[in-house]
Amino acid sequence: MDRRKFIKNLSLASATVPFMVDNIMAQALPNNLFNVPVSYEDRVLVMIRMSGGNDGLNMVIPIDQYDNLMIQRPNIIIPENKIIQGTYDLGFHPALNGISEMFNDGKASVMQNVGYQEQNRSHFRSMDIWSTGSTEIYEKRGWLGRYFEQNHPEYPDNYPNNINPDPFAVSMGNSISTTCQGTIANFSTLVSKPSNTYNLEESLTTNDGTLNGCNSSFVTTLIEQTNAYGLRINAAYDAGNSLSQYYYIDNNPQNDFKSKISEQLKYVAQMISGGMQTKLYILDVNGFDTHNEQVDLSDTSTGVHAELLQEISDAVYAFQNDLELLGLDKRVMGMTFSEFGRQIASNGSAGTDHGDAAPLFLFGKCISSSIIGNNPVILDEITNQKGVDMQIDFRDVYASILKDWFRISEDQITTIFENHSINYLTLMDGCYSNGLHDEEPTLIWPNPAGEITNLDFYTPGGDTRVNLVDMRGRIVRNYMDMAVDEGRHKLELNLNGVSKGIYRISIVTMNGNKSVSLAIQ
Amino acid sequence: MPTCQNIAPTTLSMAPYTGPWTKDLASHLLRRTLYGPTQVQINDTVALGVDFAVENLLQIIPSTDPLTWHPDEAVGAQGATWVTEFYPTDEALVDPTEDARKHSLFSWIAGRINTEQNASPSITEKICFFWHNHFSAKRSGDGRNTFMYHRLLDTHALGNFRTLIEDITVDPCMMYFLDTASNTKWSPNENYARELLELYTIGKGPLIGPGDYSNYTEEDIAAGAMILTGWKVRENKSAVANPYSEFDPSHHEDSDKQLSHHFNNAIVASNDELEYKDFIDLIFQKDETAFHISKKLYRFFVSTEITPEIESSVIDQMAQTMLANNYEIRPVLAELLKSEHFYDLVNIGAHMKSPLEFIFSMMNPTLTYPTNGLDGDNLLWKQLYAKASSINQNWYTPPSVAGWPCFYQEPAFMQHWLNAATINSRFWYVTQLTTHSTGISSDTFGTLYSIKIDALSFLATLQTPSDGSAMIDEICLLFLPRLLEQTKRDALLNTLTDGLPEFEWTLQYNEYLANPADVNYSDPVKSQMEAVLSQLFKSPEFQSC
């Protein structure tokens, strides 16, 4: 990257605020420089990686399987009276009070039994599979690295520039996420403290194509990007704000305990509010490899795993609260993930060994508050090494986020996940981006319904789809798929032949989606 | 920006290197086997010739025991070792003592690396780190366990790999780390058995069927867990003797254990406390085990860039040598470090420096080490340990059971050491060690100790310090794996002379020599040289080795 060119090209440089490159004392940029219209371009995804393999069965608890769970994991099971009820047959770990409240408020959803066929129980191979979005061993690029690379094949040469002045992705903490690894470079930059300023000595190197030349060239680019992105990160952080009182951070008098993830999410909120155009923030929470003493035996609702869940739940809750106070809640969604779940039966060390599928959380204002997928079935007898069977392929979650959240074409998404046939899920809901129509009700009657029900709904106009979606997020029937006028519309929905159960009617429009539950009897 | 994959080595030959034995190549050998070779070490290595130099390097220098220096140690005497001391009997003294021992372990490791500069070149510290990265056991609550684990790595570092695996399996620190200590027949814990196969010995291959990792299966992991049931750690907190491991037959599953077809459907018959060795024997009968550890040694000592050709020639040859020598490590490394392939241009400078390599490749070649007595030395070494830790090389607490991502995470490998935060810290450490007024310091316990490079003393060790041009060439050769580009080399000279003609430096230096005690003469020389070192250490090329 030629930094002089960068500064010259950068439209910000024409503003009255001086960029003093030499001592990197960029002053706070006026807020209005970043006041761009809210559109899909501004959408942000926050990924929270739970490293080590999260025990999903103690996180989202299938209450209808409780008796058999008692057989499988008597020493670590959460006491039934401490479980937070989510639905009639599903509950949350008591440490998840924050996330369960978000679930009740329509700001969080549960994806059940996420994983992939033939689960690899090696931490490292499985994390690679989750990071690359590919089960093929030759794939070294991250799934988001491939996405960024499609649009920015020259990266890192001449980045940042005036069109892309900010990092594409930010890894919070002390190491870079492989999710954004491209062929040549990683598309994420690391932020440990956004208030840090950088003035690292730059120098040129030539790359002769050997590993040595390549490494020198990598360092040269890293130094330049650290300086240049550092300016932007710092300016956004200074211009931004954070309003929530719920973070567990040093100077919050309400909370005596300091949480790293809380602090990092606070930084993220502040950088977004300061106008960073970064699309992706990745956070990492370690410690989920709970082979040993994951619970405190005197009270199994406490212990190491409970503390980890509490920390994440509290931080996510504060972050969501912050986004709402900042008016950014429609621009940000988040997800959690882990390389695998753990075995159904516990071991004798009050822990659990490596398993298979596990639930994950999605959160944000625009998320459909639902449970996609079924409760896992737990048997009444222990099968050695048995994990939870996979129901939802993790790549379907990624692909659906790319499609519904970032509005990327299916063609492009298919290229990213080339060895996987994608089954799109409906994850978004209730988030009309123009903000005018939240008060428009969606009416459905009768509900519960028999063979026929009626829908009365609002659409902002344009292409509108009405789908019947099952609890696994699959589209069972489509009732409308056409351009219509703005306003309220009525439809009679034929349910003949649809199995009994809980479904959602999902209304997909150009400006956002909305859904309502429907019981079919 | 071209990718890193397009230049292949010219030679894959494992035949002994017989070409000219130059300073560059001797330095390459030492950069891979030491943390920061000194000029004396490089010259000695050149003089020995490649064959003797390698044989010399492959001698383990046993480290001295960590010493008590922290005032909170309640049992051991100051200045003596605590590793054979017992645990405090007074509960209130346990935490402070453990803390003191932890700090002693921290300073111990940094001190070992720092004092490498004063000894005959030996691979000891590098190979010990290799094994620590390989096993990646975290620090145990009882410092004596941590010490014994590291002593075990020292002892077998160049010895027999099978013996090392046998011993580490029942090592208390490892038994706590991967839960062997709580593995019983009633509820087996798979943690150790899984990593024994996946990471420590045979290695995992692609998943070729449900639970089948090419070289072993999930059933083998379950069987392995059963085989290892019954091993306990006797903590021995109040006795003088160290904690030790012990077999308790009542906790051991004594049925036969069936292995998969990858082990020829072998049955491990119940054999009590020797059963784990029977299992390990079966693992070591598979050539894959030799191949797997050879590949790791190759990455660590040669390059992370492994083409199929390298795998089928160089690494295969390493594995054959290992098998022919009954899993002895030394002959494998001797062959590798003497080989034509090792000295191929493509491999020179192909590594990125780990944080400890980064720090000590500034300190050791400039002969920088603390001389402040027991407290001062150890406090500073503890500081240096903490510096390396804060930029992701936290010895004693590796990030995961697979060790540091820099040695396994494709495709970036060692580039993982560097990111916006760590490059910033690295540059700050350069500043502290060169141009900063105080240096790296520690003011714990009320006394300020500090350390930085003594530019004047370092200059005095160089061949022609008064000749600016020659001196710059000399230090580039000492500190960088490759020849520096002319423009950058000239920029260093320009910094040295402050933009003046070259003779001005000669004049300045000679005046200083004539008036060594006069700061009016010494200070300018010192600050110019510090600026040169700072610039050199902040150049991207210095991040490689």
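The values are calculated or read from the model by the stated rules, or taken from the named source; none is laboratory data. Please read all numbers here as calculations on a predicted model, not as lab measurements. Cβ sites come from the backbone with ideal geometry, for glycine too, and all protein chains shown count toward neighbours.
Out of A:G334, A:G351, A:G355, which single residue is under 30 Å from A:N174 (Cα atoms), out of contact with any Lys or Arg (no Cβ under 7 Å at 6 or more places or on another chain), within 14 Å of chain B (Cβ to nearest Cβ) and of a type in the set (G, A, S)?
A:G351
Starting from residues that are touching a helix residue (DSSP H, G or I) at 6+ places or on another chain (Cβ under 7 Å) and of a type in the set (S, T, N, Q), keep the ones in the range B:315-335 and report whichever is surrounded by the fewest Cβ atoms within 10 Å (Cβ to Cβ).
So the residue we want is B:N325.
Of all residues in the range B:491-545 being of a type in the set (D, E) and out of contact with any helix residue (DSSP H, G or I) (no Cβ under 6 Å at 6 or more places or on another chain), which is farthest from B:M414 (Cα to Cα)?
Step by step, filter the range B:491-545, then rank; the result is B:D518.
Looking only at the range B:297-314, decide whether some residue is at positive phi and either buried (at least 18 other Cβ atoms within 10 Å of the Cβ) or part of a loop (DSSP other than H, G, I, E, B) (or both).
No, that holds for no residue.
When you scan the range A:201-216, how many residues do you find that are surrounded by fewer than 23 Cβ atoms within 10 Å (Cβ to Cβ), in contact with a helix residue (DSSP H, G or I) (Cβ under 8 Å, 6 or more places away or on another chain) and over 15 Å from B:N424 (Cβ atoms)?
Result for the range A:201-216: 5.
Looking at the range B:205-251, which of the residues that are within 30 Å of the chain's Cα centre (by Cα) and more than 20 Å from B:I168 (Cα to Cα) is surrounded by the fewest Cβ atoms within 10 Å (Cβ to Cβ)?
Within the range B:205-251, the match that is surrounded by the fewest Cβ atoms within 10 Å (Cβ to Cβ) is B:P206.
Yes/no per residue for (1) at pLDDT 95 or above; (2) under 30 Å from B:Q415 (Cβ atoms):
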| site | (1), (2) |
| --- | --- |
| B:P2 | no, yes |
| B:Y17 | yes, yes |
| B:Y35 | yes, yes |
| B:Q39 | yes, yes |
| B:I61 | no, no |
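Restricted to the range B:501-518, and to residues that are over 19 Å from B:A491 (Cα atoms) and among the acidic types (D, E), which residue is surrounded by the most Cβ atoms within 10 Å (Cβ to Cβ)?
B:E511
Restricting attention to helices (runs of 4 or more DSSP H) lying wholly within the range B:120-210, give those where 1 or more residues are of a type in the set (A, V, I, L, M, F, W, C), closer than 30 Å to B:T38 by Cβ and in contact with a Leu (Cβ under 6 Å, 6 or more places away or on another chain).
Correct list: B:124-135.
Name the strands (runs of 3 or more DSSP E) wholly inside the range A:47-107 in which the number of residues that are in contact with a Gly (Cβ under 6 Å, 6 or more places away or on another chain) and closer than 21 Å to A:E381 by Cα is 1 or more.
A:60-62
Can you tell me which residues in the range A:120-137 are in contact with a strand residue (DSSP E or B) (Cβ under 9 Å, 6 or more places away or on another chain) and of a type outside the set (D, E, K, R)?
Within the range A:120-137, A:S122, A:H123, A:S126, A:M127, A:W130, A:S131, A:T132 meet the criteria.
Kindly list the number of the only condition in (1) within 11 Å of another protein chain (Cβ to nearest Cβ); (2) more than 26 Å from A:F394 (Cβ to Cβ); (3) surrounded by fewer than 22 Cβ atoms within 10 Å (Cβ to Cβ); (4) polar (S, T, N, Q) that fails for A:T183.
(2)
Counting only residues that are without any contact (Cβ under 8 Å) to a residue 24 or more places away in the chain and within 12 Å of chain B (Cβ to nearest Cβ), which one in the range A:154-180 is farthest from B:W417 (Cα to Cα)?
The selected residue is A:E154.
Any chance you could count how many residues in the range B:467-489 are closer than 17 Å to B:S534 by Cβ and either within 14 Å of chain A (Cβ to nearest Cβ) or under 34 Å from the mean Cα position of the chain (by Cα) (or both)?
10
So is A:A306 part of a loop (DSSP other than H, G, I, E, B) and either touching a residue at least 40 places away in the same chain (Cβ under 8 Å) or surrounded by fewer than 24 Cβ atoms within 10 Å (Cβ to Cβ) (or both) or not?
no
Looking at B:L199, B:L274, B:L259, which is the one that is loosely packed, with under 15 Cβ neighbours inside 10 Å and at negative phi?
B:L274
Pick out the one residue from B:I60, B:I42 that is part of a helix (DSSP H, G or I), of a type in the set (V, I, T), more than 14 Å from chain A (Cβ to nearest Cβ) and in contact with a helix residue (DSSP H, G or I) (Cβ under 6 Å, 6 or more places away or on another chain).
So the residue among B:I60, B:I42 that is part of a helix (DSSP H, G or I), of a type in the set (V, I, T), more than 14 Å from chain A (Cβ to nearest Cβ) and in contact with a helix residue (DSSP H, G or I) (Cβ under 6 Å, 6 or more places away or on another chain) is B:I42.
For residues that are more than 7 Å from chain A (Cβ to nearest Cβ) and either outside any helix (DSSP H, G or I) or crowded, with 21+ Cβ neighbours inside 10 Å (or both), tally how many sit in the range B:409-429.
Summing the residues that are more than 7 Å from chain A (Cβ to nearest Cβ) and either outside any helix (DSSP H, G or I) or crowded, with 21+ Cβ neighbours inside 10 Å (or both) in the range B:409-429 gives 6.
Is it the case that the range B:238-261 has a residue that's of a type in the set (F, W, Y), within 30 Å of B:H28 (Cα to Cα), at pLDDT 95 or above and out of contact with any Ser or Thr (no Cβ under 7 Å at 6 or more places or on another chain)?
No, that holds for no residue.
Kindly indicate whether B:S527 is within 14 Å of chain A (Cβ to nearest Cβ), in contact (Cβ under 8 Å) with a residue 40 or more places away in the chain, out of contact with any Cys (no Cβ under 6 Å at 6 or more places or on another chain) and at negative phi.
no
Looking at the structure I just gave you, is A:E201 farther than 30 Å from A:D250 by Cβ and more than 9 Å from chain B (Cβ to nearest Cβ)?
no
Scanning the range A:186-195 for residues that are of a type in the set (S, T, N, Q) and more than 7 Å from every other protein chain (Cβ to nearest Cβ), which turns out surrounded by the most Cβ atoms within 10 Å (Cβ to Cβ)?
A:S188
Which pairs have Cβ atoms under 8 Å, sit 6 or more apart or on different chains, and link a residue in the range B:167-194 that is at the interface with chain A (Cβ under 7 Å from one of its Cβ atoms) and closer than 24 Å to B:G205 by Cα to one that is assigned to a helix (DSSP H, G or I) and hydroxyl-bearing (S, T, Y)?
Partner pairs satisfying both residue conditions: B:N189/B:T180; B:N189/B:S182; B:N191/B:T180.
Keeping to the range A:168-204, report how many residues are assigned to a loop (DSSP other than H, G, I, E, B) and among the polar types (S, T, N, Q).
Count: 10.
Given the conditions (1) within 30 Å of B:G211 (Cα to Cα); (2) touching a residue at least 40 places away in the same chain (Cβ under 8 Å), report the number of the one that A:I61 does not fulfil.
Only one criterion in (1) within 30 Å of B:G211 (Cα to Cα); (2) touching a residue at least 40 places away in the same chain (Cβ under 8 Å) is unmet by A:I61, namely (2).
Is one or more of the residues making up the range A:156-167 farther than 20 Å from A:N227 by Cβ and either in contact with a strand residue (DSSP E or B) (Cβ under 6 Å, 6 or more places away or on another chain) or in a loop (DSSP other than H, G, I, E, B) (or both)?
No, every residue in the range A:156-167 fails to be farther than 20 Å from A:N227 by Cβ and either in contact with a strand residue (DSSP E or B) (Cβ under 6 Å, 6 or more places away or on another chain) or in a loop (DSSP other than H, G, I, E, B) (or both).
Quick one: is A:Y503 surrounded by 14 or more Cβ atoms within 10 Å (Cβ to Cβ), within 30 Å of A:D42 (Cβ to Cβ) and of a type outside the set (V, I, T)?
So A:Y503 does not fit the description; no.
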